[in-house]
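The values are calculated or read from the model by the stated rules, or taken from the named source; none is laboratory data. Fair warning: this is a prediction, and the values are worked out from it, not measured in the lab. Reconstructed Cβ throughout: ideal geometry from the backbone, glycine too, with neighbour counts over all protein chains shown. Please note that ligands, DNA and RNA were not included when accessible areas were found on the heavy atoms of the full protein model with its side chains. Shrake-Rupley method; radii C 1.70, N 1.55, O 1.52, S 1.80 Å.
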Amino acid sequence: HLSHTLNHWRGLNYQIERENFVQILNVSDSHWILIANVGCIPGEIRVYDSMGHTDVPQEVKQQIAAMILTPTNRITLIFESVQRQHDSNNCGVFAIAFATSICFSANPSNLLYDQTCLRSYLTKCLESGVMEPFPAKERKAQRPHSRVQYEVFCSCKLMRGDDKMARCDVCHEWYHKTC
C-alpha cells in the first residue's frame, strides 16, 4: 500500500504487480513496447521490442520499477529477440500481438507474425470483441538480445532521481528524503 501511494504521489500511477502481468508501455512519442514478468524470477522483466532496441529510457525504467515488487535493489531487463517490424508504424500492433501470444501461453520470440495482416486482424478482433492469437508461424527458438541491470533504492523501490537522498547509518540503504 505504501509503495502504491508513493507511486501515485510521484505521478507514476501504477499499482505494484504481485502476480504475472503483461503491460504495453509508450517509450517515446511514437514507439510502443511490451514488458512482462511471465516466466521471470522476482526482479526480472522481459522486454519485447519490435524495433530491436536493447535498452529503454530512464523514464521507462522508472515506470517498470514503480510496477514490480523486487526483493533486491536491482531490476534486470531481459530484451527478447522478437520479430522486427518492416516499417516504422506497427510497433503498437506488434506489442498487442506479443501480449496476446503470451496470454495464450506462446512465446513471441518463437513466432513469425504475418505483417501484412496484423492491423486488419487486430481490427477484426476488436470488432468481434474476442482476442485470439495473431496469425504466425513457428520459428527457431531465439536467445535474448541482451540484459540490462539497474539499481533501485528506498522503500519505494524507485530509482535515484532528482530527489535528495540520505543513507541510513544502521542498514546502509539509500532513501529519498521525501519518502
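Tabulated data
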item	result
Residue in segment 86-98 that is least open to solvent (accessible area, probe 1.4 Å), counting only those that are closer than 17 Å to residue 28 by Cα and not in a helix (DSSP H, G or I)	90
Some residue of segment 46-59 being under 23 Å from residue 154 (Cα atoms), aliphatic (A, V, I, L, M) and in contact with a Gly (Cβ under 8 Å, 6 or more places away or on another chain)	no
Filter result for residue 119 (surrounded by fewer than 19 Cβ atoms within 10 Å (Cβ to Cβ), within 23 Å of residue 26 (Cβ to Cβ) and in contact with a Gly (Cβ under 7 Å, 6 or more places away or on another chain))	no
Answer from 31, 86 - the residue that is out of contact with any Pro (no Cβ under 9 Å at 6 or more places or on another chain) and within 23 Å of residue 141 (Cα to Cα)	86
Tally, over segment 122-138, of residues that are touching a strand residue (DSSP E or B) at 6+ places or on another chain (Cβ under 8 Å) and not in a loop (DSSP other than H, G, I, E, B)	3
For residue 149: the one exception among (1) under 18 Å from residue 34 (Cβ atoms); (2) at pLDDT below 95; (3) part of a strand (DSSP E or B)	(1)
From 126, 111, residue being open to solvent by 70 Å² or more (accessible area, probe 1.4 Å) and of a type outside the set (Ser, Thr, Tyr)	126
Verdict on residue 104 being open to solvent by less than 80 Å² (accessible area, probe 1.4 Å) and either small (Gly, Ala, Ser) or on the phi < 0 side of the Ramachandran plot (or both)	no
Only one of 141, 106 that is assigned to a loop (DSSP other than H, G, I, E, B), modelled with pLDDT of 95 or more, of a type in the set (Gly, Ala, Ser) and out of contact with any Leu (no Cβ under 7 Å at 6 or more places or on another chain)	106
Looking only at segment 30-45, and only at residues there that are of a type outside the set (A, V, I, L, M, F, W, C) and within 22 Å of residue 89 (Cα to Cα), the one that is surrounded by the fewest Cβ atoms within 10 Å (Cβ to Cβ)	30
Tabulated pairs, segment 60-80, first open to solvent by less than 10 Å² (accessible area, probe 1.4 Å), second part of a helix (DSSP H, G or I) and not polar (S, T, N, Q), C-beta under 8 angstrom, 6+ apart or interchain	75/61; 75/64; 75/65; 77/61; 77/64
